Amino acid sequence: MARKIIIDTDPGQDDAVALLLALASPEDFDVLGIVAVAGNVSLAQNAHNALKIVELSGRTEIAVYAGCERPLRRHLVTAEHVHGDTGLNGPGLPEPKLALRPQHGVDFIIETLLAHEPGTVTLCTLGPLTNIAMALIKAPAIASRVAQIVMMGGAYFEVGNITPAAEFNIYVDPEAADVVLRSGIPIVMAPLDLTHMILTTYERLEAIDAVGNRTSRAVAQMLAFSERFDLMKYGTKGAPLHDPCVIAYLLQPDLFEGRHINVTVETASELTMGMTVADYWGITDRPKNVLFLRSGNADGFYDLLVERLARLP
Ligand code: BDR
Ligand code: CA
């Protein structure tokens with residue numbers, strides 16, 4: 001039976017690829033809705049981008065909601081320097097005809113969790129955790145109903161990408177990450193340690209482009225745009241591909257390896273704000289709240305991505 005998921009996202013080229021991987025897999029996922037959050041660019045632009053991606057996939061029955069405009073406590077930090085001014089620079093995608101659903105994304109998350117049997121809905125988070133934290137604050141009863149949260153966020157051995165100490169999604173809203181990490185919900189974390197192994201090499205982008213449909217060509221153009229910043233920064237043969245690891249983990253968990261550990265987020269020191277402190281070696285007796293994915297099979301991941309993109313228009 002298809003797994004029920006809600007995708008919370010700030011698209012973002014890598015978010016877009018994650019959305020497409022999920023939308024290409026209807027036998028695996030029943031996508032109950034997509035909720036935009038402020039992150040890579042503004043909430044309004046991220047929501048607009050989500051609509052574009054839904055149209056690109058041809059799955060126009062999928063509902064898209066807008067969530068929170070800013071983090072719980074801090075001013076919004078964005079990442080146009082990576083993703084471009086629209087957040088989705090690269091392909092020239094048409095303006096969407098679809099409209100956002102009028103309900104607030106946080107209320108959609110709460111109502112959906114309350115309407116389904118406990119333990120049957122998975123939250124896939126690809127951006128800052130603002131909407132999920134707001135939902136937990138507004139309706140704490142949902143915590144026991146979430147099957148699991150599979151999130152892209154955090155880092156330990158790779159440390160940081162937006163600051164020397166912090167990964168972007170956690171840094172943008174560290175208080176929200178703290179609420180989520182302490183919620184008691186089972187969490188799977190796809191940190192930079194994993195995503196920096198899943199590189200968009202030239203050969204892999206060529207293989208995506210060679211699928212030859214409109215979606216795969218758009219994906220190749222998106223990733224060619226977004227990888228430029230990281231290629232310069234890291235000097236590697238390809239850039240990390242972050243958010244699709246969340247969806248790939250749910251599709252094929254045997255591509256990944258991880259360890260159950262405690263992860264806590266720094267919310268006090270400005271120097272290390274948003275750092276995810278991972279007790280990888282079991283030094284403390286803090287509760288093991290996270291399955292921390294430390295590595296993955298990149299070739300297997302890209303084979304899966306190519307196979308699924310070939311199903312789309
Ligand atoms: C995360 O930050 C965003 O820019 C990407 O979309 C990804 O979710 C990586 O740190
Ligand atoms: Ca993202």
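The values are calculated or read from the model by the stated rules, or taken from the named source; none is laboratory data. Being a predicted model, the structure only gives us computed values, none of them experimental. So basically every Cβ, Gly included, is an ideal-geometry build from the backbone, and we count neighbours across all protein chains shown. The protein model used for the area step is the full one, side chains on, heavy atoms only, and it has no ligands, DNA or RNA in it. Shrake-Rupley method; radii C 1.70, N 1.55, O 1.52, S 1.80 Å.
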- Message: For the full complex of protein chains and a 1.4 angstrom probe, list K237, K4, K138 by accessible area with the highest value first.
- Response: K237, K138, K4
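Suppose every Lys and Arg Cβ carries +1 and every Asp and Glu Cβ carries -1, with no other charges. What dipole size does the stretch 170-313 come out with about its Cα centre, to the nearest 20 debye?
280
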- Query: Taking a spot 7 Å from the Cα of H75 along the direction of its beta carbon, which residues of the stretch 255-289 have an amide N less than 20 Å from it?
  - Reply: 267-275
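What size of dipole, in debye to the nearest 20, comes out for the chain about its Cα centre when the only charges are +1 on Lys and Arg C-beta atoms and -1 on Asp and Glu C-beta atoms? Provide the component values of the computation, followed by the final result.
Details: 24 positive and 37 negative charges, 73 e Å.
Approximately 360 debye in magnitude.
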- Message: For a quick check of understanding: with a 1.4 angstrom probe and all protein chains in place, what accessible area in square angstrom does L76 have, to the nearest ten?
- Response: 60
- Task: Name the residue, out of P26, P94, P71, whose mean-square fluctuation peaks in a Gaussian network model built on the chain with Cα pairs under 10 Å.
- Result: P94
- Message: Can you list which of the DSSP-assigned H helices in the chain have a Cα extent of 18 Å or more along the long axis and an average Kyte-Doolittle score of at least -1.0?
- Response: 43-57, 214-234
- Message: Taking all protein chains in place and a 1.4 Å probe, what share, in percent, of the accessible surface of the stretch 3-309 do carbon and sulfur account for?
- Response: 53
- Keeping all protein chains in place, calculate the accessible area per residue for the chain (probe 1.4 angstrom), answer in Å². 39
- With a Förster distance of 41 angstrom and the Cβ-Cβ distance between D85 and D299, calculated FRET efficiency to the nearest 0.05 equals 0.75
- Query: Leaving out same-chain residues fewer than 8 places away, which lysines sit with a Cα under 27 Å from that of K138?
  - Reply: K4, K288
- Query: Tell me, how many Å apart are the Cα centres for the stretch 212-252 and for the stretch 28-67?
  - Reply: 18
- Query: For the stretch 70-122, with only Lys/Arg (+1) and Asp/Glu (-1) charged at the beta-carbon, what is the dipole magnitude about the Cα centre, in debye rounded to 20?
  - Reply: 180
- Query: What accessible area, in Å² to the nearest ten, does a 1.4 Å probe give for K288?
  - Reply: 150
- Does the chain classify as rounded, prolate or oblate by the C-alpha gyration tensor (a ≥ b ≥ c root eigenvalues; a/c under 1.5 gives rounded; else a/b over b/c gives prolate, otherwise oblate)? rounded
- Note on the structure: Per the rule of 0.36 nm per residue minus the C-alpha distance, extending E27 to F229 adds in nm 69.2 nm
- Message: Which of I132, I34, I62 ends up with the largest GNM mean-square fluctuation for the chain, with Cα atoms connected below 10 Å?
- Response: I62
- Query: Tell me, what is the 1.4 Å probe accessible area of R228, in Å² to the nearest 10?
  - Reply: 130
